[in-house]
Amino acid sequence: MNINSIPALVHTPGHPLALQRRAITGIALLVCALCASCSSNNDSNTQAASVTPTNVTLTAAQRQNIKLYTVTVASFDRTIEATGAVDFDNDQATSVLAPISGPVSRLVVSPGDKVKKGDPLAYVDSPDFATAISTYRKALVTAHTTRRLADLDKDLLQHQGVAQKEADQAETDAASAEADAYAALQTLVSLNVDPQTIKDVEQGRPIARIQGVIRSPIAGTVVEKLISPGQLLQAGTTACFTVADLSRVWVMAQVSNSDLPAVHVGDTVDVITGMDAKPIKGEVDNVAALVNPDTRLVAARVVVNNAHGLLRKQMYVSVRIHSLRPETGMMVPVSSILRDDENLPFVYVAQSDGSFARRSVTQGYRVGDQFQIPNGLRAGDQIVVDGGIFVQFMQNQ
């Protein structure tokens, strides 16, 4: 726009004074807008030019402080870092249910106690127990009586003292009574009745006090006590104790979706309980088929030898899974990776003219003191691994 034409436009004959003032004001605003637009474009171009990285050229003396590394394709064993929680080995832990109904009369174990299979855990004043013993005692008497009568009829049959039909019926009654006695005996066995008590019943000896017993089904450690004296138990439904073999436990490691392809059954694992703790060795035993809907993670079950009892249920631990299936990729030293103003990774690559160019890269897995670089580099590229900070300083000057 020609600024010299502004007075002619304003002082047109016949315009009122107010109209002239408004025209001058509008033209002034238009000129300011045009100037501001030009200034903004110039500033934008200047800023774009200032952030565009240029190659860095160093003197021969400066290059003496720069160390280069040639990028190659290498094979590596990937290590997956994860967190996990300790759980019982469910193959060696069991919840002890009340086999009989009745009030608890006495507890004989506490959490932490070690027990053997069959050891008593608690005593119960149970009518079921008394009924089962009484039923077995009566069944034994009936079986003995019917067997004696069957043997007598068999002898009489040989001397034609009874008919064949009567002898057959006596034998049938004896066999039925013996079957009832065996069923009553199995009821006592299922109730974990002491073998000595069963022997006393079979020999007709009296039992001083009829008490039911809750016994440990496995050898291990009592880890939970869920009942108290006087509590009324319901057979088959009331959970009384949890007994577990703690010499081996599970660690449920939580693996992200991106790391899942590298985790397989049989992979060795280091379980770490603290900063200075020595890693405990384990092995991946199972990888879940489902994703946790809350965390979007997949559980990898790690079997760990816990002979020293260092791992406790619900303890949080760190897990390092060492994949047994090697992978290949371009690996670069950790010291070669730098970060820009947006915290994005880049490296300096030596050019054919002796300069150094900044190149953005994708940072992958860390293996020891190296990073995998999935994108951004080619085999044969020479990158700065020592002195990169100096090169970055020189580029920013």
Given H placed 1.01 Å from N in the peptide plane, which residues other than close sequence neighbours of ASP267 have an amide H under 5 Å from its amide H? VAL284
Run the helix sum for the chain: -39,500 (n - 2.57) per DSSP H stretch of 4+ residues, divided by residue count, reported at 222 nm to the nearest 500 deg cm²/dmol. -10000 deg cm²/dmol
Of [x] 30.9; [y] 22.0; [z] 26.3, the label for Kirkwood radius over Cα pairs in Å derived from the coordinates: [x]
Can you tell me which aspartates and glutamates have their Cα less than 19 Å from the Cα of LYS281? Leave out same-chain residues fewer than eight positions away. ASP77, GLU81, ASP87, ASP89, ASP245, ASP267, ASP270
Net lengthening on full extension, SER190/ALA289 (0.36 nm per residue, minus Cα-Cα): 31.9 nm
Expressed in nm to one decimal, what extension gain is obtained for the pair LYS154 and GLN64 from 0.36 nm per residue of sequence separation less their Cα-Cα distance? 20.9 nm
Which is farthest toward the positive dipole end of the chain among LEU297, GLY282, GLN203, measuring Cα position about the Cα centre, with Cβ charges +1 (Lys, Arg) and -1 (Asp, Glu)? LEU297
Place a +1 charge on the Cβ of each Lys and Arg in the chain and a -1 charge on the Cβ of each Asp and Glu, then give the dipole magnitude about the Cα centre in debye, rounded to the nearest 20. 1320 debye
Any chance you could check the Cα centroid distance between the stretch 78-96 and the stretch 136-210 for me, in angstrom? 51 Å
Under the 0.36 nm per residue contour assumption, what length would be gained going from the current alpha-carbon distance of GLN169 and ARG106 to full extension? 17.8 nm
At the level of C-alpha centres, the distance separating the stretch 221-250 and the stretch 278-297, in angstrom, is 27 Å
Give the calculated FRET efficiency between ALA357 and HIS264 to the nearest 0.05, with a Förster radius of 45 Å applied to their Cβ-Cβ distance. 0.65
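FYI, it's all coordinate maths here, none of it is from the lab. Fair warning: this is a prediction, and the values are worked out from it, not measured in the lab. Ideal geometry is used to build each Cβ from the backbone, glycine not excepted, and the neighbour counts take in all protein chains shown.
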